[in-house]
Amino acid sequence: MEHGAGGEKMFQFLREFVLKELWSSGEVGLDEMEDSGIIDGIVFTTDSYTVKPIFFPGGDIGRLSVSGTVNDLSVMGASPIALSLSLVIEEGFSIEDVSRVMRSVRETCLEAEVPVITGDTKVVERGGVDSLIVNTSGIGKRSEYLDRNFQVVKEYTGRVYKWPLDSNLSPGDKIIISGNIGDHGASILSERYDLSRIESDVAPLNNLVEKCLKIGGIVAMKDPTRGGVAGVLNEWSQKSKTGILIKEENLPIREEVKGTCELLGIDPLEIGNEGKILIGVVEEMADSVLEEIRKNKYGKNAEIIGEVSPDVKGVVMETVVGGKRVIPPPIGDPVPRIC
Ligand code: MG
């Protein structure tokens, strides 16, 4: 299970047994392990969803599969154009539930203003899969605001970028989270362990991202899904070859999420989010970008959680009591099958 959990084990597995065997090309290819690949100006991504349970507080596999793919395009600085939708259904799965999931796909597509234009359906024998697997792929084109965004980066820092990649971070850049941490993972946990209900944050964020790019100064973006905030910050730190220092007191985490995580011995920084983005932004623009995010209904609890710092190695958190704690890259996801 750890080989598919979005942590260190998965990256090792991919490098040794998958990427090595494949041929890739493009401006951003498979080797870079970004949220999307880029070729001939087209931003392209794919994702399969195996969430258990299929219906959870605040969403379902339909909303999740549209949001996840839309967000993976958005964080690459792309405006999503269209999606594909593939279903692998277990024999005996309720037809009413298929309809319910499709209605949710439709609603989320309308919200994001991204249509499904192609798809595929397979049914396998009982036990062949667990109820329903959904795959969505998506294409996007370069956001009309991306050039201007990087123009602002250049004006303040002299740094020149074409796409918001994981390797773009540089000392002084601020790190913003667009809202509360750990809601999706905690929602799945609350459902599985029959704890008090926690709503997932699952949502398409293309609109929010476009508004941020319009403000400008963003160097990197990523949606902290499997592996959570800890996973993304470590990936950024490794690929940008610099330390990242975050402050515990600035982390927005709901009390219920903290409580659920404490009860189960899980770190909220390591569980998945499905409606949040981490943004790396030049320090001069951090407050303006934060202000813009907070205007959005999905960004009300956004915070600047830290900065890129050459003074630390890897990812380090200054705790509320004033100590320092290393945030290691997650080995796997403490909650399997959350997306
Ligand atoms: Mg992603």
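The values are calculated or read from the model by the stated rules, or taken from the named source; none is laboratory data. Computed from a predicted structure; not experimentally measured. Please note: Cβ atoms are built from the backbone with ideal geometry, for glycine as well, and neighbour counts cover all protein chains shown. For the accessible areas, the whole protein counts, side chains as well, though only heavy atoms, and no ligand, DNA or RNA atoms are used. Shrake-Rupley method; radii C 1.70, N 1.55, O 1.52, S 1.80 Å.
For the stretch 20-55, what are the residues that are hydrophobic (A, V, I, L, M, F, W, C), open to solvent by 30 Å² or more (accessible area, probe 1.4 Å) and more than 16 Å from the chain's Cα centre (by Cα)?
Leu22, Trp23, Leu30, Ile39, Ile42, Phe55 - these are the residues of the stretch 20-55 that are hydrophobic (A, V, I, L, M, F, W, C), open to solvent by 30 Å² or more (accessible area, probe 1.4 Å) and more than 16 Å from the chain's Cα centre (by Cα).
Given (1) within 21 Å of Glu111 (Cα to Cα); (2) not in a helix (DSSP H, G or I), identify the lone condition not met by Thr69.
Checking Thr69 against (1) within 21 Å of Glu111 (Cα to Cα); (2) not in a helix (DSSP H, G or I), the one that fails is (2).
Going residue by residue through the stretch 71-79, is there one that turns out to be among the hydrophobic types (A, V, I, L, M, F, W, C) and either out of contact with any strand residue (DSSP E or B) (no Cβ under 7 Å at 6 or more places or on another chain) or open to solvent by 20 Å² or more (accessible area, probe 1.4 Å) (or both)?
Checked the stretch 71-79: no residue is among the hydrophobic types (A, V, I, L, M, F, W, C) and either out of contact with any strand residue (DSSP E or B) (no Cβ under 7 Å at 6 or more places or on another chain) or open to solvent by 20 Å² or more (accessible area, probe 1.4 Å) (or both).
Sort through Gly119, Gly58 and tell me the only one that's more than 16 Å from the ligand (Cβ to nearest atom), open to solvent by 10 Å² or more (accessible area, probe 1.4 Å) and touching a residue at least 60 places away in the same chain (Cβ under 8 Å).
Only one candidate qualifies: Gly58.
Could you list, in sequence order, all residues of the stretch 297-339 that are part of a strand (DSSP E or B) and open to solvent by 70 Å² or more (accessible area, probe 1.4 Å)?
Lys324, Arg325, Val326
Quick one: in the stretch 36-53, which of the residues that are touching a strand residue (DSSP E or B) at 6+ places or on another chain (Cβ under 6 Å) and outside any strand (DSSP E or B) is nearest to Trp236 (Cα to Cα)?
Ser36
Do we find a residue being open to solvent by less than 60 Å² (accessible area, probe 1.4 Å), part of a loop (DSSP other than H, G, I, E, B) and of a type in the set (A, V, I, L, M) anywhere in the stretch 132-142?
no
Do the conditions hold for Ser84, that is, is it away from the ligand (no atom under 16 Å from the Cβ) and closer than 27 Å to Gly37 by Cα?
In short, yes.
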